[in-house]
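Report on the structure given below.
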Amino acid sequence: MKEILVVYYTQSGQLFDILENITSSIQAENVNISYHSITLEEPFPFPWTKDRFYDAFPESFLQIPSKIHPPIEEIQNKKYDLILLGYQVWFLTPSPPTNAFLKSEIGKKLLKDTPVVTIVACRNMWIQAQEKVKRLLAENQAKHVGHIALVDRHINHISVLTIEHWMFSGKKDRMWGIFPKPGVSDEEISNASKFGTPIREALLTNNFMPLQDRLLELDAVKVNPYLVMTDARGNVLFSKWANFLIKKGGPSNPKRLKWIGLFKFYLKFAIWIIAPIVFIVFLLTYLPTYQKRNRERKYYSSVYLK
């Protein structure tokens, strides 16, 4: 009997729907699948208030672990043949619950020497968050064998508006009745079941070497070179802001909240003013950097870690 553990954290339920569809085509008589939903001692709200959302930025970006409840003992004491790790991206970083699991003692125990397929569902920028996950998996001596990235396919600024509507209203519907629905499309969520077949084959044959190539043939990962550059630049700027804000006190500290308000306006400026400038620079430099962009696309589509 092959044992699979699905570890995830989701607020809206979108990620669980994706994972459930993937595992639907892995399930077999000789495969047992267990689920662990990461739960926090102090849960984050959903829907969010704007102040609470932006106040979560420093700890999220700096990967300061939240306090989580451990899995049930049955999960803690079992050795798994494969772990599916589903996560969200918050502020260009794996969400605090995911980060907390990866840094926890039980997480380290479960991941050590275990094949892991990472599955991310987010707005559009996941590249640097995945690099952070890769590093934590390597530190935990896990075997990263596959990656799937499902994102909102609409243009950047449309997805900014619709994701905010979803986060602050809790409704995954068409904002004002005219914008597209936020998040991963219903079609892609439904079609995620196609990824389960190569995962099951790799599991049953105990050969995970060709898995990522098989997943890429199914369009499991699409790397946008412009977003690679934007994500990298964003991480540099976020690092400066996060390290500055964390020195102003903990969450809800009035002194910190004053500066969080300024960060909120900066983020709007970066999205609506700086990002278009970055796009123009990207277009102007695309041909001279074409080979570099191809190397980046190949690397970020892989499970390798530089």
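The values are calculated or read from the model by the stated rules, or taken from the named source; none is laboratory data. All of these numbers come straight from a predicted model, not from anything done at the bench. Using ideal geometry, Cβ is built from the backbone for each residue, glycine included, and neighbour counts are taken over all protein chains shown.
Can you give me the number of residues within segment 254-298 that are over 25 Å from SER159 (Cβ atoms) and either in contact with a Gly (Cβ under 8 Å, 6 or more places away or on another chain) or in contact (Cβ under 8 Å) with a residue 24 or more places away in the chain (or both)? Summing the residues that are over 25 Å from SER159 (Cβ atoms) and either in contact with a Gly (Cβ under 8 Å, 6 or more places away or on another chain) or in contact (Cβ under 8 Å) with a residue 24 or more places away in the chain (or both) in segment 254-298 gives 3. The set of residues in segment 282-303 being touching a helix residue (DSSP H, G or I) at 6+ places or on another chain (Cβ under 8 Å) and not polar (S, T, N, Q) consists of PHE282, TYR286, ARG293, GLU296, ARG297, TYR300, VAL303. For segment 179-209, taking the residues that are surrounded by fewer than 20 Cβ atoms within 10 Å (Cβ to Cβ) and among the β-branched types (Val, Ile, Thr), the one that is nearest to the chain's Cα centre (by Cα) is identified as ILE189. Only one of the numbered conditions (1) surrounded by fewer than 19 Cβ atoms within 10 Å (Cβ to Cβ); (2) under 30 Å from LEU284 (Cβ atoms); (3) modelled with pLDDT of 95 or more is violated by VAL221, and that is (1). Of the helices (runs of 4 or more DSSP H) entirely within segment 1-66, those holding at least 1 residues that are in contact with a strand residue (DSSP E or B) (Cβ under 9 Å, 6 or more places away or on another chain) and of a type in the set (Ser, Thr, Tyr) occupy 14-24, 57-61. Filtering ILE189, ILE148 for residues that are within 30 Å of TYR290 (Cβ to Cβ) and in contact (Cβ under 8 Å) with a residue 24 or more places away in the chain leaves a single hit, ILE148.
In this structure, SER169 does not qualify as touching a residue at least 12 places away in the same chain (Cβ under 8 Å), surrounded by fewer than 20 Cβ atoms within 10 Å (Cβ to Cβ), under 23 Å from LEU85 (Cβ atoms) and among the small types (Gly, Ala, Ser). Note on segment 164-265: enclosed helices (runs of 4 or more DSSP H) holding 2 or more residues that are closer than 24 Å to LYS132 by Cα and of a type in the set (Val, Ile, Thr) are 225-246.
Scanning segment 228-255 for residues that are buried (at least 18 other Cβ atoms within 10 Å of the Cβ) and of a type outside the set (S, T, N, Q), we see that the one that is farthest from ARG200 (Cα to Cα) is LEU245. The single residue among SER60, SER24, SER34 that is touching a helix residue (DSSP H, G or I) at 6+ places or on another chain (Cβ under 7 Å), of a type in the set (Gly, Ala, Ser), surrounded by fewer than 15 Cβ atoms within 10 Å (Cβ to Cβ) and at negative phi turns out to be SER24. When segment 105-124 is limited to residues that are surrounded by fewer than 19 Cβ atoms within 10 Å (Cβ to Cβ) and on the phi < 0 side of the Ramachandran plot, the one that is nearest to the chain's Cα centre (by Cα) turns out to be LYS108.
Yes/no per residue for (1) farther than 24 Å from LYS247 by Cα; (2) not polar (S, T, N, Q):
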| residue | (1), (2) |
| --- | --- |
| GLU42 | no, yes |
| THR49 | no, no |
| SER60 | no, no |
| ASN77 | yes, no |
| PRO96 | no, yes |
| LEU110 | yes, yes |
| TRP126 | yes, yes |
| GLU131 | yes, yes |
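Annotation note: of ARG174, ARG135, the sole residue that is at pLDDT 95 or above, surrounded by fewer than 18 Cβ atoms within 10 Å (Cβ to Cβ) and not aliphatic (A, V, I, L, M) is ARG135.
Restricted to segment 267-306, and to residues there that are among the polar types (S, T, N, Q) and assigned to a helix (DSSP H, G or I), the residue that is modelled with the lowest pLDDT is THR285.
When LEU15, LEU85, LEU92 are screened for being within 17 Å of LEU203 (Cα to Cα), under 18 Å from the mean Cα position of the chain (by Cα) and buried (at least 19 other Cβ atoms within 10 Å of the Cβ), only LEU85 passes.
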